[in-house]
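See below for the structure under consideration.
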């Protein structure tokens, strides 16, 4: 079902052009969503309602979800699901709290200090997708780091179902976290609503959360007016494994990620032909029994592959080049080898740390960089909702000590007023 790519003996080549990945033409999508974003900017909630009816087939009277709908969804939530969400919240909060940083005061010289202060943004818009699958877990992953960071105002938006409300599990998760500002809006219109504001929804400072290509395109359009986490694309998994890996486990993790989306990308990188053959047999067996078979088959036959490499060091070079959203390292030396990984959104170590654990209850965040952007970006965390501010304080004596250097540099740049702003204090 998966393509086989043999990179043995080709270590000197750049592997990236040979590795599959779903291609999202965000630039093309930008032109499609530009009118939607502009309409929301110019006409507010009326444009949001019009776009929702056009794209989702749902006519909304109010964009905001009534408080009683949220509490009702929580009341009706399966107790087992509620318990799982509560545990996910506890674990996510534990990790996010550990990410917080104390202010750092640096004594530059006597009488001169620079304080690095971490300040939460004022208001955030958190997007929770609701297309093929409902994601109450994404509510937890977005909301908890924002709350831990100290954000004072949070709004959640998720696409409406046929009844004009977000999926009940999404609403229940919001109610569980005491988030009462929830909007039944999806797609580019939700991003635009957050960025520009309407009479029902105040504009935000930062927008986070995964979505489809139109959400990514809308984020690109509003970036600069607001902060964004990333332009998230389809999910992906890379697995670096040797012959100590259990074929059934590896196959299960490939199938699990393929279940997300027909555009999901799955890559098994190994020097072991025996493991590859065993995984191939297991994949066929597990796909035949899985609930979302058509979706899984499309993803595995499309932008997924088995990759043979010379050895594990070569494999590490390959997975670093691919820079997976999720990377599993299932080798005899997994803990040590995982610490050598440079490019991945999150790394899952050993046979008993599947990616699906990270989707829900590992404590790590599942909003992660996709499409190879793990080369230069990170997953969502408390840091995503904090900004660093420098507090600079100099005494008269400390300023006098450095004044000649300011005069020299200001003169070199022909900025006489800069020099005078220091010199006037010396006189």
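Details
- Cα-Cα pairs of segment 113-225 separated by more than 17 Å (percent): 52 percent
- Taking 153, 12, 395 in turn, the Gaussian network model of the chain (Cα-Cα springs below 10 Å) assigns the largest fluctuation to 395.
- Ranked by the mean number of other Cβ atoms within 10 Å of their residues, highest first, the peptides 310-317, 168-175, 20-27 come out as 168-175, 310-317, 20-27.
- Inter-site label distance for residue 414 and residue 376 at 7 Å from Cα along Cβ, in nm: 3.3 nm
- Shape of segment 157-281, Cα gyration tensor, a/c cut at 1.5: prolate
- Values of log10 I(q)/I(0), in the order q = 0.12, 0.22 Å⁻¹, for segment 1-140 under a Debye, Cα-only, solvent-free model: -1.01, -1.40
- Classification of segment 37-96 by its C-alpha gyration tensor yields a prolate form. The axis ratio a/c (a ≥ b ≥ c) is 1.5 or more, and a/b outweighs b/c.
- Efficiency of FRET from Cβ geometry, residue 427 and residue 27, R₀ 60 Å, rounded to 0.05: 0.60
- Annotation for residue 203 and residue 405: the two label points, set 7 Å from Cα along the Cα-Cβ direction, are 3.9 nm apart.
- Listed residues 301, 256, 400, most fluctuating in the chain (Gaussian network, C-alpha, under 10 Å): 400
- Matching the structure-derived semi-axes √(5λ) of the Cα gyration tensor in Å against the labelled list (1) 31, 26, 23; (2) 40, 32, 21; (3) 61, 40, 17 gives the label (2).
- Helix 79-98 and the longest principal axis of the Cα set of the chain meet at an angle near 40°.
- Full extension of the chain between residue 388 and residue 336 gives 15.4 nm of extra length, using 0.36 nm per residue less the Cα-Cα distance.
- Peptide ranges 370-376, 104-110 listed from the most packed, as the mean C-beta count within 10 angstrom indicates: 370-376, 104-110
- Angle between the chain longest axis and helix 312-322 axis [Cα atoms, degrees, rounded to 10]: 60 degrees
- Evaluated over segment 281-403, the Cα radius of gyration and Dmax, each in Å: 21.6, 77
- Euclidean distance of C-alpha centroids, segment 375-414 and segment 177-217, integer Å: 34 Å
- Protection proxy ranking, highest mean first, for peptides 285-291, 190-196, 46-52: 190-196, 46-52, 285-291, where packing is the per-residue count of other beta-carbon atoms within 10 Å, averaged.
- Antiparallel DSSP beta bridges within the chain, percent to nearest 5: 30 percent
- The angle between the Cα long axis of helix 45-56 and the longest principal axis of the Cα atoms of the chain comes to about 20 degrees, rounded to the nearest 10.
- Measuring how big segment 181-224 is from its alpha-carbon positions, Rg and Dmax come out at 9.7, 27 Å.
- Calculated FRET efficiency for the pair residue 289/residue 11, C-beta based, R₀ 56 Å, to 0.05: 0.90
- Calculated [θ] (222 nm, deg cm²/dmol) that DSSP helices of n ≥ 4 give over the chain, each run adding -39,500 (n - 2.57): -14000 deg cm²/dmol
The numbers here are math on the coordinates, done by the rules we state, and not lab data. These numbers come from a predicted model, not from an experiment. Positions of Cβ are generated from backbone atoms using ideal geometry, with glycine treated the same way; all protein chains shown enter the neighbour counts.
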